[in-house]
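Here is the structure we will look at, set down as C-alpha cells.
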Amino acid sequence: MNEVKNLAQLSFIHLSDIHFVKSSNDPSDIDKDLRDAIITDLEINGRENLENVTGILVTGDIAFSGNRKEYEIAKEYLNRVCSVFHINPSDVYCVPGNHDVNQSVVSGSDLIFAAQNAVDEKKTIDDADKTFSKYISDNNFNALFKPIDEYNEFAKRFECDISSDKIFWQKDFMLEENLKLRVVGINSSFLSNRTDHQKDKPDRLMYIGQAQIPCYETDVATLLMCHHPPQCWKFKDDILQRINKRADIQLYGHMHSQSVEIMDENAILYSGAVHPTRTVDWLPRYNWITISSKTENNERILKIEIYPRCLTADRDSFTIDSTSPLGENHIFHEINIDHKRKSALQDRKREVFVKDEIDLCTQSISVTETSESIDERKIIYDFYEISWIDQIDILTQLSLITKETSTTLDSKMIGEAINRAREQDKLLELHKKILNKMEENL
C-alpha cells in the first residue's frame, strides 16, 4: 500500500456534458470560444481562489456520439485544464453518459439490443441484477460493454474504464482527522439505445444495479459520480435510500439544468452542462468544489463548498453564479460523518458506537493512492500514450508477458500485466522504460 499524504483541503474542477463532436475546434466551431473562456476563468480566478486542485471530475457525455475522434479532442482539452493547475494529465476522473455510447454499435447488433432489453424488461431489481450478471459473465461477447469501447479506450489511461471485471471504479484521497475521501464512479448508461427518447413517450429509465452501490467502510466519506440523476433510474425506490446513506456527496449530469440539494446528511449537485443545447435559456456552466474535514466534540465533520460558475450575459466570460442561494458566491455545507454512520448502522438499543467493529465492505477493489515516490495513475496514463508496439516491447522486457501471448494481447491482458508489475515492484522500472520510449519518439 502506498503512503498517503494527509491534505487539509482538496479542490476539484467539475465539468459535465461537454459533448465534443468530430468538428470541435474546426474554424466554424462557435463553442471553442466557450471552452477557451473556461480555461481563462481557471487561469485568472481559479488559481487565485482554489487551494490544492487535485483533479478534474467529469460526469459523463464527454463525447457526443461515442466516436474516437471526439475523445481525442476531449483528451487534448482536459490536458489544458490540468495544465492550468500544474497537475498531471492523469488526474482526470470520469464516468460515461448516454452520449458516450456509440449508438451505431447498438443499432448494428441484435445481440446487444437483446441484452439491453433483457435487463430492461425485468420487473424487480433482483431479477434485473441476475440478468445483468449473466450477460457480463459472458466473456465471448460482452454485449453490454461493446457500445462504450471508445469511451473505455479513452478512459483506461485514467483508470476510469468500465468492464465486466470493474463495473465501477474508486479512488481514495486522505483528508485530515484520519478521514478518507473516496471518489466512486458508476455507470448509468448500460441500457442506452435508440429508444432512450421516443416522441410522445416518457424518457426510458436507466439501470443501476445493487452491485454499484458504494460500500460502507470505517473512516470513509464518499463522493459519488454518475451521469444520470435518480429521477432517470429504474428501481429508484429500491436503491436511492441506500445510496443517500453511503454517498455523502453526489454529482450528476445529463439534465443540463443546474441545482443543488442540501440535506442534513447529503450534498447533491445536479450539474448544468458545459455545452447545453442552444435554446432561449442557454446557459453553460461548470463548478469548483472544495472538500475538507474537521473535528467537533470528537466527531468528524466533512466540509463541502460548491462554487457554481456560469457564462456571463454577454457570453464573454465565466463568473460567479448570481442565482446561488443567499446571494453568496458559493454553497457551503457540513456533514457530521460519524453521526451519520452511527444513525445508519448502530442498533437502536446500543448506547456506544465502536467503529472498529464495523467491516461491512463486501466488494474489494484495488485503490491507487497518492504517493510522492510512485504515481501509479501517471504511469498508466503515460503507458497508454506510447504505441502498441512499444507497449509490447516494454512488457516483454520486464517479463510481464511472454512472446507467445504478445500476439493476442488485448486491453484486459495489458491490465493484468500492469497488475503484475505492481505485485513484483516493477512500476518504477516500467515507468523509466516508458519515459525512454517517449523520448525516443520525440
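The values are calculated or read from the model by the stated rules, or taken from the named source; none is laboratory data. Everything quoted here is computed from the prediction, not taken from an experiment. No Cβ is skipped: glycine too gets one built from the backbone with ideal geometry, and neighbour counts run over all protein chains shown.
Does Asp127 fit the bill of being part of a loop (DSSP other than H, G, I, E, B) and without any contact (Cβ under 8 Å) to a residue 40 or more places away in the chain? Taking the combined requirement at face value, the residue does not satisfy it. In the range 91-107, is there at least one residue being surrounded by fewer than 19 Cβ atoms within 10 Å (Cβ to Cβ) and of a type in the set (Val, Ile, Thr)? So far as the range 91-107 goes, yes, one or more of its residues are surrounded by fewer than 19 Cβ atoms within 10 Å (Cβ to Cβ) and of a type in the set (Val, Ile, Thr). On the stretch given as the range 92-106, residues that are assigned to a helix (DSSP H, G or I) and within 12 Å of His254 (Cα to Cα) total 3. Under the condition of being more than 26 Å from Tyr151 (Cα to Cα) and not in a helix (DSSP H, G or I), the residues counted in the range 18-56 number 3. The set of residues from the range 409-425 being outside any helix (DSSP H, G or I), of a type in the set (D, E, K, R) and either in contact with a Ser or Thr (Cβ under 9 Å, 6 or more places away or on another chain) or on the phi > 0 side of the Ramachandran plot (or both) comprises just one member, Asp425. The strands (runs of 3 or more DSSP E) falling completely within the range 239-329 that include 2 or more residues that are surrounded by 19 or more Cβ atoms within 10 Å (Cβ to Cβ) and among the basic types (Lys, Arg) map to 299-311. No other residue among Ile208, Ile167 is among the aliphatic types (A, V, I, L, M), without any contact (Cβ under 8 Å) to a residue 60 or more places away in the chain and either farther than 23 Å from Gln103 by Cβ or surrounded by fewer than 22 Cβ atoms within 10 Å (Cβ to Cβ) (or both) apart from Ile167. Ala8 meets all of the listed conditions (1) in contact (Cβ under 8 Å) with a residue 60 or more places away in the chain; (2) within 16 Å of the chain's Cα centre (by Cα) but one, namely (2).
A quick yes/no check of all residues on (1) buried (at least 19 other Cβ atoms within 10 Å of the Cβ); (2) within 22 Å of Asp314 (Cβ to Cβ); (3) modelled with pLDDT of 95 or more:
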site: Ser23; (1), (2), (3): no, no, no
site: Pro27; (1), (2), (3): no, no, no
site: Asp36; (1), (2), (3): no, yes, yes
site: Ile39; (1), (2), (3): no, yes, yes
site: Leu42; (1), (2), (3): yes, yes, yes
site: Asn45; (1), (2), (3): no, yes, yes
site: Ile56; (1), (2), (3): yes, no, yes
site: Asp61; (1), (2), (3): yes, no, yes
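Of the numbered criteria (1) more than 25 Å from the chain's Cα centre (by Cα); (2) closer than 30 Å to Ile289 by Cβ; (3) of a type in the set (D, E, K, R), the one Asp100 fails is (1). In summary, Arg68 fulfils each of the numbered conditions (1) under 26 Å from Lys146 (Cβ atoms); (2) buried (at least 19 other Cβ atoms within 10 Å of the Cβ); (3) in contact (Cβ under 8 Å) with a residue 60 or more places away in the chain with the single exception of condition (2). Screening Leu269, Leu223 for residues that are at pLDDT 95 or above, over 20 Å from His19 (Cβ atoms) and under 17 Å from the mean Cα position of the chain (by Cα) leaves exactly one candidate, Leu223. Every condition in (1) outside any helix (DSSP H, G or I); (2) modelled with pLDDT of 85 or more; (3) of a type outside the set (Asp, Glu) is met by Val352 except one, and the failing one is (2). The single condition among (1) in a helix (DSSP H, G or I); (2) over 15 Å from the mean Cα position of the chain (by Cα) that Phe154 does not meet is (2). Apart from one condition, Asp390 fits all of (1) under 28 Å from Lys303 (Cα atoms); (2) at pLDDT 65 or above; the exception is (1). Counting only residues that are in a helix (DSSP H, G or I) and either over 20 Å from the mean Cα position of the chain (by Cα) or polar (S, T, N, Q) (or both), the range 226-238 holds 4 of them. Out of the range 91-114, which residues are of a type in the set (Val, Ile, Thr) and closer than 18 Å to Trp233 by Cα? Selection gives Val95, Val101. Counting only residues that are within 18 Å of the chain's Cα centre (by Cα) and aromatic (Phe, Trp, Tyr), the range 272-304 holds 2 of them. Across the range 57-91, the qualifying residues are those that are among the small types (Gly, Ala, Ser) and in a helix (DSSP H, G or I), and the one among them that is nearest to the chain's Cα centre (by Cα) is Ala74.
Scanning the range 274-293 for residues that are farther than 18 Å from Ile320 by Cβ and either hydroxyl-bearing (Ser, Thr, Tyr) or at pLDDT 95 or above (or both) yields Thr277, Thr279, Ile291, Ser292, Ser293. Number of residues in the range 132-151 that are more than 15 Å from the chain's Cα centre (by Cα), closer than 18 Å to Leu111 by Cα and not in a loop (DSSP other than H, G, I, E, B): the value is 8.
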